[in-house]
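One structure is given below, encoded as structure tokens.
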Amino acid sequence: MMDWLTNAWNVTTHFFTAMPWDALGVWSLTICLLIVGIIGSVVPFLPGPLLIFAAGIIHTVLLPEAGMSMWGVVALSLGLVLSYVVDLASGAMGARWFGASRWGITGVFIGGIVGMFFGPLGLVLGPLLGGAAFELIFAKKRLQPAAKSAWGSLLGTGVGLVLRLIVALGMVVAFFLDVLMW
């Protein structure tokens, strides 16, 4: 009975003394940042794609032997840029598809920027109100066509949110493929 207990103790102590705690800590930090990055790609005020990019860079700096290659960093950089382009252009593209004028698209952009300062509700209402207001005031449209183009901006923003989540998931896949496969 004592031999079993001694062997169990030796195996346990060997496990904890041989464990590469630094690598475990870096992987834990990386995975936490990746998870928060995916969540942040759909939740306002969390810079999801930026957190995924930061996870890749931090992992590479702290654990260079198991870090990303230059091509992996380039892939994450392109994903980061693509996610923000999709985010900015989606509302305007939706508005344009529903018949917005240049004034309406300008209103969507300005409303989106102003809406960022008013929380999650501002991110939804900003482009909507900006597009409608610019259509009514500057393009001299009636209420129904202005509301239609504002609805298009809201729909485009929703599609952009889904596309941003897809890009964020692609960035995570690119990170794991680069770190674990190549």
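Scan the range 6-20 and tell me whether some residue there is out of contact with any Ser or Thr (no Cβ under 9 Å at 6 or more places or on another chain), in contact (Cβ under 8 Å) with a residue 24 or more places away in the chain and outside any helix (DSSP H, G or I).
Scanning the range 6-20, I find no residue that is out of contact with any Ser or Thr (no Cβ under 9 Å at 6 or more places or on another chain), in contact (Cβ under 8 Å) with a residue 24 or more places away in the chain and outside any helix (DSSP H, G or I), so the answer is no.
Could you go through the range 37-52 and let me know if any residue there is out of contact with any helix residue (DSSP H, G or I) (no Cβ under 6 Å at 6 or more places or on another chain), in a helix (DSSP H, G or I) and either among the basic types (Lys, Arg) or more than 30 Å from PRO120 (Cα to Cα) (or both).
For the range 37-52, residues out of contact with any helix residue (DSSP H, G or I) (no Cβ under 6 Å at 6 or more places or on another chain), in a helix (DSSP H, G or I) and either among the basic types (Lys, Arg) or more than 30 Å from PRO120 (Cα to Cα) (or both): absent.
A quick yes/no check of all residues on (1) surrounded by 15 or more Cβ atoms within 10 Å (Cβ to Cβ); (2) under 13 Å from VAL179 (Cβ atoms); (3) out of contact with any Phe, Trp or Tyr (no Cβ under 7 Å at 6 or more places or on another chain):
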site: TRP27; (1), (2), (3): yes, yes, yes
site: CYS32; (1), (2), (3): no, no, yes
site: VAL36; (1), (2), (3): yes, no, yes
site: ILE39; (1), (2), (3): no, no, yes
site: LEU51; (1), (2), (3): yes, no, yes
site: THR60; (1), (2), (3): yes, yes, yes
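Within the range 140-149, is even one residue in contact with a Phe, Trp or Tyr (Cβ under 6 Å, 6 or more places away or on another chain), more than 30 Å from VAL61 (Cα to Cα) and part of a helix (DSSP H, G or I)?
yes
Residues of the range 53-65 being touching a residue at least 24 places away in the same chain (Cβ under 8 Å) and part of a helix (DSSP H, G or I), which ones?
PHE53, ALA55, GLY56, ILE58, HIS59, LEU62, listed by residue number.
For the range 73-101, name all the residues that are farther than 27 Å from LEU128 by Cα and either modelled with pLDDT under 95 or surrounded by fewer than 19 Cβ atoms within 10 Å (Cβ to Cβ) (or both).
VAL73, VAL74, SER77, LEU78
Filter the range 137-174 down to the residues that are at pLDDT 85 or above, more than 22 Å from VAL42 (Cβ to Cβ) and not aliphatic (A, V, I, L, M) and list them by number.
PHE138, LYS140, LYS141, ARG142, GLN144
The values are calculated or read from the model by the stated rules, or taken from the named source; none is laboratory data. Predicted model only: the values in this text are computed from it and were never measured. As a convention, Cβ positions derive from the backbone with ideal geometry for all residues, glycine included, and neighbour counts pool all protein chains shown.
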